[in-house]
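Values in this text are rule-based calculations from the coordinates and carry no lab data. The structure displayed is predicted, hence computed values, not measured ones. All Cβ positions, even for glycine, are placed from backbone atoms using ideal geometry, and neighbour counts span all protein chains on display.
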Amino acid sequence: MIPATVWTDEGGVTSGTITGSGARTASDGRRWTLRGARPTDARALARLFAEVRGEGRWLVTPPSAVSEPSEAFYIGEMIRDSTSLSLIAEADGEVVGNVLVSVERSVVSDHVGTLSICVADGWREVGIGSALVAASQAWARERGLAKVALGVFPDNERAIAVYEHAGFEREGLRRRQYRVPGGDYRDELLMAWFPDGAPR
């Protein structure tokens, strides 16, 4: 259950609540719905991740390293986890986006959530990513989290712009953090958002 809370879109206009379904309009006029993920969405989410992974740019794990059935099982378990948030963007019955905030389980870091987001090709740059991030921030505030962290490839300028617009700050760069097929390495940019403002 997503806690009742009002959140605002990029322009600061109240968009609605994140309790149950919420019909929205993308910046290009297409209709989509923001809702909490259900365990029955696991297969559709695994397909979405496989499609985005197949683009070879945005997700760390190569397609050959993940099977859709095993990923769908893992996703279903995460959706069932009451300490995490999983939302989906749906259009015409198809899952076109997802955001997950998983909360650390250690007593010394259970104030931190880790955000991951995935938006289908063809649905980017129309406001879905921004709406998913905003809904996640509202949930994190409601949960009393002190920090939401994420990692992003430094060349993913579109995503970085969305995160910075939402108030995320750059925390550091992990060089050669991931090895990709062919033997090359990719850096990871670490970013974080603090509901009560960045500590000084």
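Tell me, what are the semi-axes, in whole angstrom and largest first, of the equivalent ellipsoid of the range 123-200 as set by the roots of 5 times the Cα gyration tensor eigenvalues?
25, 16, 10
Please order Met191, Met78 by the number of other Cβ within 10 Å, starting at the fewest.
Ranking Met191, Met78 by Cβ neighbours within 10 Å, fewest first, gives Met78, Met191.
Work out, in µm²/s and without decimals, the Stokes-Einstein translational diffusion coefficient of the range 58-129 at 37 °C, 0.692 mPa s, Rh from Kirkwood over C-alpha pairs.
My calculation gives 235 µm²/s for D.
List, in order, the whole-Hz ³J(HN,Hα) value for each residue of the range 75-88 obtained from phi through the Karplus relation with A = 6.51, B = -1.76, C = 1.60 and θ = phi - 60°; use x for Gly and Pro.
Those phi angles translate into 4, x, 5, 5, 5, 6, 6, 6, 8, 10, 10, 9, 10, 10 Hz.
As a test of the definition: which semi-axes, in Å, follow for the range 78-171 when you take the square root of five times each eigenvalue of its alpha carbon gyration tensor? Largest first, please.
Whole-Å semi-axes of the equivalent ellipsoid: 22, 17, 11.
Hey, got the dipole for the chain? About the Cα centre, +1 on K and R Cβ, -1 on D and E Cβ, debye to the nearest 20?
Computed about the Cα centre, the dipole is about 260 debye.
Ordered by residue, what ³J(HN,Hα) values in Hz, to whole numbers, does the range 95-103 give under the Karplus form 6.51 cos²θ - 1.76 cosθ + 1.60, where θ = phi - 60° and Gly and Pro are x?
Those phi angles translate into 7, 10, x, 8, 9, 10, 10, 9, 9 Hz.
Starting with the fewest neighbours, write out Arg30, Arg105 ranked by other beta-carbon atoms found within 10 Å of each beta-carbon. List each step's numbers first, then the result.
On the way: Arg30 15, Arg105 8.
Least crowded to most crowded, the residues run Arg105, Arg30.
In the chain, what is the volume of the convex hull around the alpha carbon atoms, normalised per residue and reported in Å³?
Cα-based convex hull of the chain, divided per residue, equals 128 Å³.
DSSP beta bridges in the range 54-200, what fraction antiparallel, as a percent rounded to 5?
Approximately 90 percent, going by the DSSP bridge assignments.
Applying the Karplus parametrisation 6.51 cos²θ - 1.76 cosθ + 1.60 with θ = phi - 60° to the phi angles of the range 173-180, what ³J(HN,Hα) value in whole Hz is obtained for each residue in order, glycine and proline being reported as x?
So the Karplus estimates, Gly and Pro as x, are 10, 9, 6, 6, 6, 10, 9, 10 Hz.
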